[in-house]
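J.: To start, I am sharing the structure in question, which I have written as structure tokens.
Nothing in this text is a laboratory measurement; each read-out follows from the coordinates by a stated rule. For clarity, every value in this text was computed on a predicted model and none was experimentally measured. No Cβ is skipped: glycine too gets one built from the backbone with ideal geometry, and neighbour counts run over all protein chains shown.
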Amino acid sequence: MIRRALTNTGWLMGARGINAVLSLGYLAMATRALGLHGFGQFILCVTFAQAITGLASFQTWQAVIRWGQNEETTSDAVGFALALDLLTVLAGAIAAALLLEFAGDWLPVPRELRGETFALTIVFLLAVRSTPTGILRLRDLYAQGAAADSVTSVVRIIGAAVVVVVAPSIVSFMLVWALAEIATAGAYWLYALRQQPLDPRLISLRRLPRRERGAWAFVWGTGLSGMLLIASRQILILLVGAIGGPALAGIYRVAAQLGEGLLKLAQALLRATYPELVRDPAAARHIAVRIGGIAVLTGLIVIVLAVLGGHWLILAIAGREYAPAYGPMILLSAAAAIELGGASLEALLVSRGHALRNFLLRAVPTLLAVASLPFVVPRAGAAGAAGAVLVASLLTVTALALANRERR
């Protein structure tokens, strides 16, 4: 079980590694082509689209794995997950339209780019790929998922190179990001449909819950936790932009891009570990402890590397304008390392059916961090926001450790 979890994590991290390397390339092109202010505006537009998608999305891949283990309910689980994804598209589109039209100046998305931002948000919503991700993980096809995941960065770096040569502008880069999402979603569905044909008659929000008691509680718990983990990062960037302006948002985004690489590793570890914990509840604690130990050691090594080479990396990629991103990057690296150490604890709690409890343990520290931004950002800039994230991660993982000790 542990070997399979680590192998699956390896496939996920192979894709993450490719994406990380390529992301440095398109990040360098975007920062230098758009300048500090223009890059900040671009980031605010993309971040809005990501935040709406994250807030509206359910972690339907977990539902597919939880109820797809039994062949009799696999089709129902997939139909239920896809119905939730369609609900995401509808809810996200309505929320985005209302916010962009009526939010006013407190929303940091530039007014002249709100039409394009709405179009980008619709693309992001339509490209939600949680259900096909669940299908591939259910079949242990992590290699195919890794290949599909890599499409995002490949399209972005090729598109960014073309844009820099032909027509470097915020809208051009937004178009590239939209194409990358469409291509990635297409790759995921191409692989998934080979494993699990879809029957449109089974796409239903009621069919699976009638058979599986507690389905809605599980879905809301995992969905709300996912919203916090995904959208809280984007909301932080939007709030930094609203308080400190596009330039500060751009600096924070560069720090996050470089410093939160471990957070992606934590998400990969959660996704690779969770199926094994569902399949073998008796060995779940042993698996989580072993993998957690490896995660902690990895996190410490990466923090040291960030301290030693982070400043040089920022100057080489983005330029001297972004030098203030070094301090926030270190803080975000530490926060991501803590999250990496707690990923197996979260997977263990969710696999035992305590998704709502997991959400509450994440919600309180996250809301405290968001509430602190109006006080810390004016005083400490991007470093203040990064410090709030660090404290929230520390509180969350401590709570997860205590919760799992109680369940023992």
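J.: Return 338, 122 ranked ascending by Cβ neighbour count within 10 Å, so the fewest neighbours appear first.
T.: 122, 338
J.: What's the extension gain from residue 91 to residue 323 if we count 0.36 nm per residue and subtract their Cα-Cα distance?
T.: On the way: separation 232, 0.36 × 232 = 83.52 nm, distance 3.90 nm.
Length difference between fully extended and current span is 79.6 nm.
J.: ³J(HN,Hα) across region 48-62 via Karplus (A = 6.51, B = -1.76, C = 1.60, θ = phi - 60°), whole Hz, x for Gly/Pro?
T.: Once θ is set to phi - 60°, the couplings for region 48-62 become 4, 4, 5, 5, 4, 4, x, 5, 8, 7, 9, 7, 5, 4, 6 Hz.
J.: Another question, if that's okay. Want the number for residue 32 to residue 166: 0.36 nm per residue separation, take away the alpha-carbon distance, what's left?
T.: So the extension gain works out to 46.8 nm.
J.: Quote the charge dipole size of region 71-210 about the Cα centre in Debye, to the nearest 20; the model charges only the Cβ of Lys and Arg (+1) and of Asp and Glu (-1).
T.: Result for region 71-210 is approximately 200 debye, rounded to the nearest 20.
J.: Please arrange 376, 151 by how many other C-beta atoms lie within 10 Å of their C-beta, fewest to most.
T.: Details: 376 17, 151 20.
In increasing order of surrounding Cβ atoms, one gets 376, 151.
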